[in-house]
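The values are calculated or read from the model by the stated rules, or taken from the named source; none is laboratory data. No experiment lies behind these values; they were computed from the predicted model shown. Cβ placement follows ideal geometry from the backbone for every residue including glycine, while neighbour counts extend to all protein chains displayed.
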Amino acid sequence: MARLELNSLTKAFGAVRCADDLSLTVEPGEIVAVFGPSGSGKTVLLRMIAGMFEPDDGDILIGGQSVVGASPERRGVGMAFQNFALFPHMTAQDNIASGLRAKETRSDAAARVKSIARLLKIEHVLGHAPRELSNGQKQRTALARALIGNPEVLLLDDPLRNVDAKLRYEMRLELPSLLRRGTAAVLYVTQDYREAMAIADRIAVLINGRLEQVARPDEIYGRPASVAVARLFGDPSINLAEVAPCVEQGGVFADISGSRVRLGPVDRHAEDDGACWLGVRPDDLLISAAAGEGGIPARIVAVTPMHEKAVMLLRFADGMEWLAALPSEAGIARADEDVFVRFAPEAALLFDRATGLRVGLPHRRYAA
């Protein structure tokens, strides 16, 4: 068992900083998803750990030993590439077996290949060349090759990106248990926040080469460290409004489109009345026809059914627009109707307007 430690890694290509003083620790048997938008530096990070790139500064330790400068084959790292990187002249079986050490006997290697191919549902294509495989089969073959050698560190570069929707859903359920059968420290790169939340023990949110937040999936969703993190999680995305919160009668209040709304109790961060972003997730909005305390008048612009929920576009009196996501079975008003919008105080997220960092209001709920 070996811990992966990244200490103050820096990597730049010209003026572009792909890693900016980046530090992260992954324990043996732990799955950490590296999640962020395209171009944030996720793949470059994996390639530095694998030995394809060397960092400009900082250190990479596996099992307490620095591997900076060591050749890729001496690092004890397995990697599944986003672009498959299969040997075109080999069958799927031989591609998978190439991840084993030379000391394996032919019979042992064949048994292990069949075992992992069965888990990944590709045993029926083991005799096929890469050109005969679908993209999903190629991706699973590359994943099998990375897994079969029981590496100390396992790097997965968006391994389900080219898998069809049904298999992707199944693999989100099966892959965590498959990965935890070994003791590898796993870094799992993805651009799908649902995948990150379903598979990982912790999520490392990478934006422009910097780690914005590293935490459990429920913490990332319920207590995002910044506006940038909050926007990356949730579909539809979080609603934002510029407010100037103030303390009144033991609570924090703000004006939203001309309505006074309570945001929560006073805490040590709520003393500053400066400009903030208020964030409320669409799933937390309540829609009703009745006016009352905390209700914000709005007009429904459009309603779009989306499978198990319906997404409603709301426009407030000042022209600001928010989205609400309601269960499809709920009694939903129609477009051009006037309604009142409410949310529970504990659903409110406050972010400093200047820095984008979250203000410390208490929280209660996490994503399912």
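Tell me whether the range 7-27 contains one or more residues that are surrounded by fewer than 21 Cβ atoms within 10 Å (Cβ to Cβ), among the aliphatic types (A, V, I, L, M) and part of a loop (DSSP other than H, G, I, E, B). I'd like the intermediate steps shown before the answer.
Kept after step one, since they are surrounded by fewer than 21 Cβ atoms within 10 Å (Cβ to Cβ), are these residues of the range 7-27: 7-8, 10, 12-17, 20-21, 23-25, 27.
Narrowing further to those that are among the aliphatic types (A, V, I, L, M): 12, 15-16, 24.
Of the ones still in play, those that are also part of a loop (DSSP other than H, G, I, E, B) are 15.
Checked the range 7-27: at least one residue is surrounded by fewer than 21 Cβ atoms within 10 Å (Cβ to Cβ), among the aliphatic types (A, V, I, L, M) and part of a loop (DSSP other than H, G, I, E, B).
Residues of the range 118-129 being part of a helix (DSSP H, G or I) and of a type in the set (D, E, K, R), which ones? Before you say what the answer is, go through the steps one by one.
Within the range 118-129, the first condition is being part of a helix (DSSP H, G or I), and the residues that meet it are 118-119, 123-125.
Those that are part of a helix (DSSP H, G or I) and of a type in the set (D, E, K, R): Arg118, Glu123.
Only one residue in Leu86, Leu46 is surrounded by 12 or more Cβ atoms within 10 Å (Cβ to Cβ), within 23 Å of Met1 (Cβ to Cβ) and not hydroxyl-bearing (Ser, Thr, Tyr), so which one is that? Before you say what the answer is, go through the steps one by one.
Details: Leu86 fails: within 23 Å of Met1 (Cβ to Cβ).
None of the others qualify; the one that does is Leu46.
Restricting the range 320-342 to residues that are modelled with pLDDT of 95 or more and either assigned to a loop (DSSP other than H, G, I, E, B) or among the acidic types (Asp, Glu) (or both), which is surrounded by the fewest Cβ atoms within 10 Å (Cβ to Cβ)?
Glu321
Can you tell me how many residues within the range 166-191 are closer than 24 Å to Arg231 by Cα and free of Cβ contacts under 8 Å to residues at least 40 places away in the same chain? Quick ask: steps written out before the conclusion?
Of the residues in the range 166-191, the ones closer than 24 Å to Arg231 by Cα are 168-169, 172, 187-191.
Subset that is free of Cβ contacts under 8 Å to residues at least 40 places away in the same chain: 168-169, 172.
Final tally of qualifying residues: 3.
Within the range 202-217, can you find the residues that are in contact (Cβ under 8 Å) with a residue 60 or more places away in the chain and under 11 Å from the mean Cα position of the chain (by Cα)?
Answer for the range 202-217, where residues must be in contact (Cβ under 8 Å) with a residue 60 or more places away in the chain and under 11 Å from the mean Cα position of the chain (by Cα): Arg202, Ile203, Ala204, Val205, Leu206, Val214, Pro217.
Could you tell me whether any residue of the range 206-226 is in contact with a His (Cβ under 6 Å, 6 or more places away or on another chain) and either not assigned by TED's automatic domain parsing to the domain that holds Pro88 or not β-branched (Val, Ile, Thr) (or both)? It would help to see each step written out before you state the result.
Going through the range 206-226, the residues in contact with a His (Cβ under 6 Å, 6 or more places away or on another chain) turn out to be 222-223.
Applying the additional criterion that residues be either not assigned by TED's automatic domain parsing to the domain that holds Pro88 or not β-branched (Val, Ile, Thr) (or both) yields 222-223.
Yes; the residues of the range 206-226 include at least one that is in contact with a His (Cβ under 6 Å, 6 or more places away or on another chain) and either not assigned by TED's automatic domain parsing to the domain that holds Pro88 or not β-branched (Val, Ile, Thr) (or both).
Among the numbered criteria (1) surrounded by fewer than 22 Cβ atoms within 10 Å (Cβ to Cβ); (2) farther than 26 Å from Pro72 by Cα; (3) modelled with pLDDT under 95, which single criterion is violated by Ile122?
All conditions are met except number (1).
Among the residues of the range 28-47, write down those that are closer than 21 Å to Ser226 by Cα and assigned to a loop (DSSP other than H, G, I, E, B).
At the first step, the residues of the range 28-47 found to be closer than 21 Å to Ser226 by Cα are 32-42.
Correct list: Gly36, Pro37, Ser38, Gly39, Ser40, Gly41.
Mind counting the residues in the range 239-251 that are of a type in the set (A, V, I, L, M) and buried (at least 17 other Cβ atoms within 10 Å of the Cβ)? Show your work before the answer.
Just the residues of the range 239-251 that are of a type in the set (A, V, I, L, M), to begin with: 240-241, 243-244, 247.
If we keep only those that are buried (at least 17 other Cβ atoms within 10 Å of the Cβ) as well, we get 240-241, 243.
The total comes to 3.
Within the range 130-238, considering only helices (runs of 4 or more DSSP H) that don't extend past its boundaries, which have at least 1 residues that are buried (at least 18 other Cβ atoms within 10 Å of the Cβ) and of a type in the set (Val, Ile, Thr)? Explain how you work it out, then say what you get.
Details: elements: 135-148, 165-179, 193-199, 217-222, 227-232.
Correct list: 135-148, 193-199, 217-222, 227-232.
Does Val113 satisfy the criteria of being at pLDDT 90 or above, surrounded by fewer than 22 Cβ atoms within 10 Å (Cβ to Cβ) and under 16 Å from Met90 (Cβ atoms)? Steps first, please.
Values: at pLDDT 90 or above: yes; surrounded by fewer than 22 Cβ atoms within 10 Å (Cβ to Cβ): no; under 16 Å from Met90 (Cβ atoms): yes.
No: the conditions fail for Val113.
Across the range 51-91, what is the number of residues that are among the hydroxyl-bearing types (Ser, Thr, Tyr) and assigned to a strand (DSSP E or B)? Show your work before the answer.
So in the range 51-91, the residues among the hydroxyl-bearing types (Ser, Thr, Tyr) come out as 66, 71, 91.
This time we only want the ones that are assigned to a strand (DSSP E or B), so: 66.
Summing the residues that are among the hydroxyl-bearing types (Ser, Thr, Tyr) and assigned to a strand (DSSP E or B) in the range 51-91 gives 1.
For the range 155-167, state whether one or more residues are touching a strand residue (DSSP E or B) at 6+ places or on another chain (Cβ under 7 Å), hydrophobic (A, V, I, L, M, F, W, C) and at pLDDT 90 or above. Give the derivation first.
Taking the range 155-167 first, the residues touching a strand residue (DSSP E or B) at 6+ places or on another chain (Cβ under 7 Å) are 155-159.
Checking which are hydrophobic (A, V, I, L, M, F, W, C) leaves us with 155-156.
After this cut, where a residue has to be at pLDDT 90 or above as well, the list is 155-156.
Yes, there is a match, as at least one residue in the range 155-167 is touching a strand residue (DSSP E or B) at 6+ places or on another chain (Cβ under 7 Å), hydrophobic (A, V, I, L, M, F, W, C) and at pLDDT 90 or above.
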